[in-house]
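Down below is the structure, laid out as structure tokens.
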There are 2 protein chains.
Amino acid sequence: MDYKANLHKMLKPRSVAIIGASRNPGKVGNVILNNYLDGGYDGKLYPVNRNADMVSGLKAYKSVLDIHSSIDLAVIAIPAEFVPAAMEECGKAKVKNIVVVSGGFAEVGATELQDKMVNIANKYKIPTLGPNCLGVMDPRARSDTMFLPTYKLSKPKIGGVSFVSQSGAVGSTVLDMIAKEGFGLSKFISYGNAAHIDEVDIIDYLMHDEETKVIVMYIEGVKHGREFFEIARKATLKKPIVVIKGGQTAAGAQAASSHTASLAGSYESYDAMFRQAGFSIAKDLSELVYLAKIFASEPLPNGKRVAVITNGGGTGVLTTDAISANGLDVAEYSEQTKKELRKCMPSIVNIRNPLDMAGDADSKRYSDAMSAISKDPNIDMLIVITLFQTPGADSSVAAKLISYKSAMDKPMIVISTGSDYTEMHKIMMESTGLPVYDSPNAAARSLAELLKYAQYRNAYSKK
Amino acid sequence: MDYKANLHKMLKPRSVAIIGASRNPGKVGNVILNNYLDGGYDGKLYPVNRNADMVSGLKAYKSVLDIHSSIDLAVIAIPAEFVPAAMEECGKAKVKNIVVVSGGFAEVGATELQDKMVNIANKYKIPTLGPNCLGVMDPRARSDTMFLPTYKLSKPKIGGVSFVSQSGAVGSTVLDMIAKEGFGLSKFISYGNAAHIDEVDIIDYLMHDEETKVIVMYIEGVKHGREFFEIARKATLKKPIVVIKGGQTAAGAQAASSHTASLAGSYESYDAMFRQAGFSIAKDLSELVYLAKIFASEPLPNGKRVAVITNGGGTGVLTTDAISANGLDVAEYSEQTKKELRKCMPSIVNIRNPLDMAGDADSKRYSDAMSAISKDPNIDMLIVITLFQTPGADSSVAAKLISYKSAMDKPMIVISTGSDYTEMHKIMMESTGLPVYDSPNAAARSLAELLKYAQYRNAYSKK
């Protein structure tokens, strides 16, 4: 985009026109309108449909020009060839923002049609998202332009993570994954071909958005590399950015070009830029989710010494491996901690880190260990392994951990691996802000990225 | 173990004595007995308890010597100091196998007590598993010596994967993870300190076991390196072995030594041995599970050319990246396939690999694509991405994929990422033997390991 625009009303519109609001269930425009109705949106809704007087119980308009009211957001869901004309009408009606969900532009070679779209957006100075995208979602504003059936997709809770995705498919699957996690969503922005609004505009908005604590991005290609780098460097001094790049390999880059018409470029240069800008780089979607989780809940650590307490020896061994492999240190307890642990642990427990409390560890033993370890000045971060398959582990252990967490000023995370009974306790702990990881590697890698970001902030904030 | 023994009756006992079968709910011996009763075990059960006449409604015996019947398996769950005496009685009573679940031996420095145990096992030639272990489970035989409360742990279905774990904690969490997967369990063997029966004996048994298609192992240390290597090389010519090593780093190795008294040794030498023996090496527990999954269901591929069909462009891009990063090739369609696809795909679909069929792809489009691609001789393996969040994807797509899978002689797997609606379809597909992966990396890495194993088999079977 050539000028700076405030995306606030695009994300929190008080009035939405849906151009192409069909009466036909399953059609994109119909799904979008009904998602607004079912989602409890309490602003004004204007279906626009040339051939109907009413859609889903609402008065329909032939054109946005017939609405004669202020429109914060027009969502356009009609065949590509009709989009420019609809945008002209939006311009004349002084619509404040446009989201074009329709595909059929540069990604299929129709670059002229896309240029035409951009010219109209510039002429009327209307920030326009898309085309070829899912649009925006803001759970606080109950605004959601995604044309996906709600029963197929669990929606995340309200929270501090904003997720920006060039791909609609990746966007919707990650949202669905996030719904299973304890952290919630601030904004979702799917920007497709980035014809007008691009990643630079979006970061510029989100870095100042107080509801956004963490920015998470799926990027296939960046249009304005220099501007992107500049804004990204400023943003990471305010909040963490986690990124995954589509098109990391030659074959992947080729696939990306036919997907969002992106010039994926060499991954090495992206990778270098991301690192210099202080991004956390995810290699897989599951990594994207678990890195978002650590940044959403944990304070930044002061050092790399990790303590591990566990009720499963083998998982303690694997976690120790993961800590070392990720460049962190296995902490050495202070003499005071050793003394306290010797006093309260049964004789079969070796007083060392990781502290293997054995399979019969119950909430009393967890509590004793937490009490000794949590205040040790030689420890920067804490991993608590709780395998809920064991005889001693139950909800009272989870409750104890939650209460210690609330008093901790260091990063503290849990590893629990398993099925239904474990999942229940994960929900319990995460709902209070105690993040739970299902594998030693995910846990250690997340802490390592948290530390890296802390060091980046320390190094560059002072300059 | 110094002699070769048949573990068949340990895993499929027709009569089980539980030494230490307490009347006290929650006590290890009580949990084991009740798990046999609740699990529908239909062999003979003999509780052994010095202080009770009845336990859980069964006649109890003061000693195994009082039973006067053939005993296939004695499970010993009493304090360590009393174990040798109980084993002596087992010897005199001609018990055929022993599992010592009790801890308190070499792992806490009590090596003499452990040596005493081993001497008795050798004197009477009774194959003895443990100590410090969870013992064995065979879902076909409904035999299960694990002392874990059943409500905390989902149990896997019956299937072809045998899981051997030196750690009980890792064992139980992996079993719980496997319960969510479509593939089932043949045997579970937790062998703890490996004082008598060790990994060599176990592989020797499982490689000949017809119910076992895949062997999966968690190992902290191997006692007899040479013998292990020899038996492992023979075993991998019959069936795949997937392994994860605890104690890969110096810090992890130290943790392992206080866990199962294992000399973890240098990981480099283990890694080299595992590779030479044709193992698939997992780096994390989740990898262990998804590698087990591919070997449990898929035929070995003839080459490395992968075709991808998708209803989500971005996930197609990430999958292409993952294919390249894992050393596989993005297949080039035959002319015949291109012709067929051009005929049946809508004009917006680029006829290339990955085939991005767009977000409105329904079962008809999936079926058309499968029909053209599945018989292409230029394709060795097939990844079908089905994002169930999209408008066109529903159970009829899953049903179509299942029917194509049943006629395929090449590896074919699905990537579906998401929450409840996706999970439902995963269960549907996996129950018919169509494996579903939740990430591009997991899918591509699994296919790459499958190919590596195929190449190993090809290279060494001929020698």
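The values are calculated or read from the model by the stated rules, or taken from the named source; none is laboratory data. Remember, it's a predicted structure, so these values are computed and weren't measured experimentally. We place every Cβ from the backbone using ideal geometry, glycine too, and count neighbours over all the protein chains shown.
Return the residues of the range B:152-206 that are more than 8 Å from chain A (Cβ to nearest Cβ), among the hydroxyl-bearing types (Ser, Thr, Tyr) and either under 11 Å from the mean Cα position of the chain (by Cα) or crowded, with 24+ Cβ neighbours inside 10 Å (or both); say none if nothing qualifies. If the condition is that a residue be more than 8 Å from chain A (Cβ to nearest Cβ), among the hydroxyl-bearing types (Ser, Thr, Tyr) and either under 11 Å from the mean Cα position of the chain (by Cα) or crowded, with 24+ Cβ neighbours inside 10 Å (or both), then B:Ser162, B:Ser186, B:Ser190, B:Tyr191 are the ones that fit. Among the conditions (1) assigned to a loop (DSSP other than H, G, I, E, B); (2) more than 8 Å from chain B (Cβ to nearest Cβ); (3) of a type outside the set (Lys, Arg), the only one that A:Ile348 does not satisfy is (2). Every condition in (1) farther than 15 Å from A:Ile189 by Cβ; (2) within 14 Å of chain B (Cβ to nearest Cβ); (3) modelled with pLDDT of 95 or more is met by A:Lys94 except one, and the failing one is (2). Residues in the range A:420-463 that are farther than 16 Å from A:Glu181 by Cβ and among the acidic types (Asp, Glu) were compared, and the one that is nearest to the chain's Cα centre (by Cα) is A:Glu449. Condition test on A:Lys304, is it out of contact with any Cys (no Cβ under 6 Å at 6 or more places or on another chain), within 14 Å of A:Pro411 (Cβ to Cβ) and either free of Cβ contacts under 8 Å to residues at least 24 places away in the same chain or not polar (S, T, N, Q) (or both)? So A:Lys304 fits the description; yes. Among residues that are within 14 Å of chain A (Cβ to nearest Cβ), closer than 27 Å to B:Leu185 by Cα and polar (S, T, N, Q), B:Ser280 is not included. For the range B:43-59, indicate whether the set of residues that are touching a residue at least 60 places away in the same chain (Cβ under 8 Å) and surrounded by 15 or more Cβ atoms within 10 Å (Cβ to Cβ) is non-empty. Checked against the condition, which is being touching a residue at least 60 places away in the same chain (Cβ under 8 Å) and surrounded by 15 or more Cβ atoms within 10 Å (Cβ to Cβ), the range B:43-59 yields at least one hit. Find the residue count for the range A:345-373, including only residues that are surrounded by fewer than 21 Cβ atoms within 10 Å (Cβ to Cβ) and either in contact with a Pro (Cβ under 9 Å, 6 or more places away or on another chain) or not assigned by TED's automatic domain parsing to the domain that holds A:Thr310 (or both). Residues that pass the stated criteria total 3. Residues in the range A:325-344 that are hydroxyl-bearing (Ser, Thr, Tyr) and surrounded by fewer than 20 Cβ atoms within 10 Å (Cβ to Cβ): A:Ser334 only. For the range A:312-338, taking the residues that are under 17 Å from A:Met370 (Cα atoms) and hydroxyl-bearing (Ser, Thr, Tyr), the one that is nearest to the other protein chains (Cβ to nearest Cβ) is identified as A:Tyr333. A:Ile219 falls short of the stated requirement of being away from chain B (no Cβ under 13 Å) and closer than 30 Å to A:Ile19 by Cα. Here B:Ser162 does not fit the description of being at pLDDT 95 or above and over 30 Å from B:Thr422 (Cβ atoms). Quick check, is B:Ala256 in contact with an Asp or Glu (Cβ under 8 Å, 6 or more places away or on another chain), within 14 Å of chain A (Cβ to nearest Cβ) and farther than 24 Å from A:Asn441 by Cβ? Answer is no for this residue. Residues being closer than 28 Å to A:His8 by Cα, in contact with a helix residue (DSSP H, G or I) (Cβ under 7 Å, 6 or more places away or on another chain), among the aromatic types (Phe, Trp, Tyr) and not in a helix (DSSP H, G or I) are represented in the range A:204-222 by at least one member.
Per-residue answers, yes or no, for (1) in the same structural domain as A:Lys180 (by TED's automatic domain parsing); (2) surrounded by fewer than 21 Cβ atoms within 10 Å (Cβ to Cβ); (3) part of a helix (DSSP H, G or I); (4) polar (S, T, N, Q):
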{"residue": "A:Lys375", "(1), (2), (3), (4)": "no, yes, no, no"}
{"residue": "A:Gln389", "(1), (2), (3), (4)": "no, no, no, yes"}
{"residue": "A:Ala393", "(1), (2), (3), (4)": "no, no, no, no"}
{"residue": "A:Ser396", "(1), (2), (3), (4)": "no, yes, yes, yes"}
{"residue": "A:Tyr404", "(1), (2), (3), (4)": "no, yes, yes, no"}
{"residue": "A:Thr417", "(1), (2), (3), (4)": "no, no, no, yes"}
{"residue": "A:Thr422", "(1), (2), (3), (4)": "no, no, yes, yes"}
{"residue": "A:Thr432", "(1), (2), (3), (4)": "no, yes, no, yes"}
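Screening A:Tyr453 against (1) aromatic (Phe, Trp, Tyr); (2) closer than 27 Å to A:Gly327 by Cβ; (3) surrounded by fewer than 22 Cβ atoms within 10 Å (Cβ to Cβ) leaves a single unmet condition, (3).
Which of (1) more than 14 Å from every other protein chain (Cβ to nearest Cβ); (2) of a type outside the set (Asp, Glu); (3) more than 24 Å from A:Lys123 (Cα to Cα) is the odd one out, the single condition A:Pro13 does not satisfy? Going through (1) more than 14 Å from every other protein chain (Cβ to nearest Cβ); (2) of a type outside the set (Asp, Glu); (3) more than 24 Å from A:Lys123 (Cα to Cα) one by one, A:Pro13 breaks only (3).
Take the residues in the range B:234-250 that are among the small types (Gly, Ala, Ser) and assigned to a loop (DSSP other than H, G, I, E, B); name whichever of them is nearest to the other protein chains (Cβ to nearest Cβ). Residue satisfying both the conditions and the ranking: B:Gly246. Scanning the range A:112-132 for residues that are away from chain B (no Cβ under 14 Å), among the polar types (S, T, N, Q) and in contact (Cβ under 8 Å) with a residue 40 or more places away in the chain yields A:Gln114, A:Asn122, A:Thr128.
Scanning the range A:111-139 for residues that are assigned to a loop (DSSP other than H, G, I, E, B) and crowded, with 18+ Cβ neighbours inside 10 Å yields a count of 8.
Of all the numbered requirements in (1) touching a helix residue (DSSP H, G or I) at 6+ places or on another chain (Cβ under 8 Å); (2) in a loop (DSSP other than H, G, I, E, B); (3) over 17 Å from A:Phe147 (Cα atoms), A:Ser69 misses one, and that requirement is (1). Within the option set B:Gly40, B:Gly26, being over 24 Å from B:Phe105 (Cβ atoms) and either among the aromatic types (Phe, Trp, Tyr) or part of a loop (DSSP other than H, G, I, E, B) (or both) holds for one residue only, B:Gly40. Return the residue satisfying two criteria in turn: it lies in the range B:300-311 and is within 26 Å of A:Gln166 (Cβ to Cβ) and not small (Gly, Ala, Ser), and of such residues it is farthest from the other protein chains (Cβ to nearest Cβ). This residue is B:Ile309.
Just wondering, is there one or more residues in the range A:275-288 that are closer than 20 Å to A:Ser446 by Cα, modelled with pLDDT under 95 and assigned to a loop (DSSP other than H, G, I, E, B)? Yes, the range A:275-288 contains a residue that is closer than 20 Å to A:Ser446 by Cα, modelled with pLDDT under 95 and assigned to a loop (DSSP other than H, G, I, E, B).
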